[in-house]
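Take a look at the structure set out below.
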Amino acid sequence: MARHFLRDDDLSPAEQAEVLDLAEAMKKDRYGYRPFEGPQTVAVLFDKPSTRTRISFAVGVAELGGNPLIMDLGTSQMGRGEPIEDTARVLDRQCSAIVWRTAGQERVEAMASASRVPVVNALTDEFHPCQVLADLLTVRERRGGLPGVTLAYFGDGANNMAHSYLLGGATAGMHVRIATPEAYTPAPEVVEKAGRIAAGTGGSVEVLTDPLAAAASADVLATDTWISMGHDGKDARVAALSPYQLNANLLALAAPGAIVLHCLPAYRGLEISADVLDGPRSAVWDEAENRLHAQKALLHWLVTR
Ligand code: CP
Ligand code: NVA
């Protein structure tokens with residue numbers, strides 16, 4: 001049975017640490033790991049736009065000795081209604097792994113259910129676990145470790161990044177705070193699961209409406225777009241989420257040396273002020289590069305176990 005990575009809690013705390021250790025080692029020896037030598041092919045499929053994910057998987061699979069097959073599914077037969085499971089049965093006879101960015105989480109689950117090779121979630125409406133692996137790698141590099149580190153996220157608490165910070169951060173033993181209005185609160189199932197994981201790792205999870213309380217003494221401040229792919233109602237979202245802008249006022253409340261994360265693309269002046277995004281506490285370009293290292297390690301770990 002192939003192992004899949006569809007949500008952050010698909011890796012146990014020990015497995016997540018193993019993948020992050022491997023990412024650190026692979027970053028130091030960038031061309032030294034070649035599980036796809038042959039070359040084997042990895043399918044990298046998109047139902048939504050992407051810059052970082054497309055680049056980092058294309059570069060990463062090539063650096064692992066393989067061939068990335070990048071497809072926009074609108075141009076495939078799936079775009080005309082061919083079932084997900086039938087597509088999986090075609091792909092898994094020719095590819096060593098399947099990476100997919102799509103809408104509903106149930107779609108990656110359907111792909112995984114019919115695939116004999118690992119399926120990796122490259123973003124769904126509900127989760128963005130590859131991004132959070134890269135973010136955890138960045139926090140480890142900047143703060144020296146993850147357990148006990150406090151990460152505060154501001155903005156849309158119901159989106160993929162908020163959910164993945166909850167699950168991935170709890171798995172890492174971090175204290176995760178989500179600052180968001182009532183109407184944008186994370187899915188209860190995710191908060192509950194993250195709480196259970198945190199109880200075993202020494203971490204904690206909190207959902208707050210007060211952004212100032214969330215920022216207080218936090219080691220990592222994070223945000224994401226207020227209008228994710230597939231969302232509409234921009235004006236209402238901007239009005240509701242404006243008090244949660246990640247700006248110098250929030251940064252001033254954080255721990256000394258706190259870092260700022262944003263998965264990008266960023267909208268300066270909306271979810272984050274330009275001075276913070278482009279300022280000295282920002283780790284966003286390391287974070288974007290770490291997509292490459294984290295995903296190479298994840299693929300290596302999935303296909304060699
Ligand atoms: N952060 C992220 O996933 O970026 P892209 O949408 O550009 O892939
Ligand atoms: N929450 C954002 C993340 C983009 C990488 C979205 O889903 O559009």
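Miscellaneous remarks
Yes/no matrix, rows are residues, columns are (1) modelled with pLDDT under 95; (2) of a type in the set (Val, Ile, Thr); (3) under 22 Å from residue 10 (Cα atoms); (4) within 15 Å of the chain's Cα centre (by Cα):
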| residue | (1), (2), (3), (4) |
| --- | --- |
| 96 | no, no, yes, no |
| 111 | no, no, yes, no |
| 114 | no, no, yes, no |
| 120 | no, yes, yes, yes |
| 136 | no, no, yes, yes |
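- Of all residues in the stretch 140-197 being among the acidic types (Asp, Glu) and farther than 27 Å from residue 281 by Cα, the one that is farthest from the chain's Cα centre (by Cα): 182
- Boolean, residue 240 is under 23 Å from residue 130 (Cα atoms) and part of a helix (DSSP H, G or I): no
- Test: residue in the stretch 215-224 that is exposed (fewer than 14 other Cβ atoms within 10 Å of the Cβ), more than 17 Å from the chain's Cα centre (by Cα) and at positive phi: yes
- The stretch 22-48 residues that are under 18 Å from residue 71 (Cα atoms), paired with ones that are among the aromatic types (Phe, Trp, Tyr) (beta carbon under 6 Å, 6 or more apart): 44/57; 45/100
- If you filter the stretch 87-106 down to residues that are surrounded by fewer than 18 Cβ atoms within 10 Å (Cβ to Cβ) and touching a residue at least 12 places away in the same chain (Cβ under 8 Å), you find that the one that is nearest to residue 6 (Cα to Cα) is 105.
- Residues within the stretch 48-104 that are under 30 Å from residue 28 (Cβ atoms) and within 16 Å of ligand 1 (Cβ to nearest atom), tallied: 17
- Considering residues of the stretch 105-130 that are among the aliphatic types (A, V, I, L, M) and more than 16 Å from ligand 1 (Cβ to nearest atom) only, the residue farthest from residue 52 (Cα to Cα): 114
- The number of residues in the stretch 261-280 being under 21 Å from residue 162 (Cα atoms) and more than 16 Å from ligand 2 (Cβ to nearest atom) comes to 3.
- Residue among 233, 203 that alone is surrounded by fewer than 22 Cβ atoms within 10 Å (Cβ to Cβ), closer than 22 Å to residue 127 by Cα and away from ligand 1 (no atom under 16 Å from the Cβ): 233
- Scope the stretch 13-30; condition over 23 Å from residue 166 (Cα atoms) and in contact with a Gly (Cβ under 9 Å, 6 or more places away or on another chain); matching residues: 25, 26
- Among the criteria (1) farther than 15 Å from residue 101 by Cα; (2) within 16 Å of ligand 1 (Cβ to nearest atom), the one residue 7 does not fulfil is (1).
- Of the residues making up the stretch 220-227, not a single one is in a loop (DSSP other than H, G, I, E, B) and away from ligand 1 (no atom under 16 Å from the Cβ).
- Hits in the stretch 129-169 (condition: without any contact (Cβ under 8 Å) to a residue 60 or more places away in the chain and among the small types (Gly, Ala, Ser)): 144, 145, 148, 157, 158, 169
- Leading residue by the ranking (farthest from ligand 2 (Cβ to nearest atom)) among those in the stretch 33-81 that are over 19 Å from residue 294 (Cβ atoms), outside any strand (DSSP E or B) and among the charged types (D, E, K, R): 37
- Candidates 299, 246 - the one that is at pLDDT 95 or above and over 15 Å from the mean Cα position of the chain (by Cα): 246
The values are calculated or read from the model by the stated rules, or taken from the named source; none is laboratory data. All values derive from a computational prediction rather than experimental measurement. We place every Cβ from the backbone using ideal geometry, glycine too, and count neighbours over all the protein chains shown.
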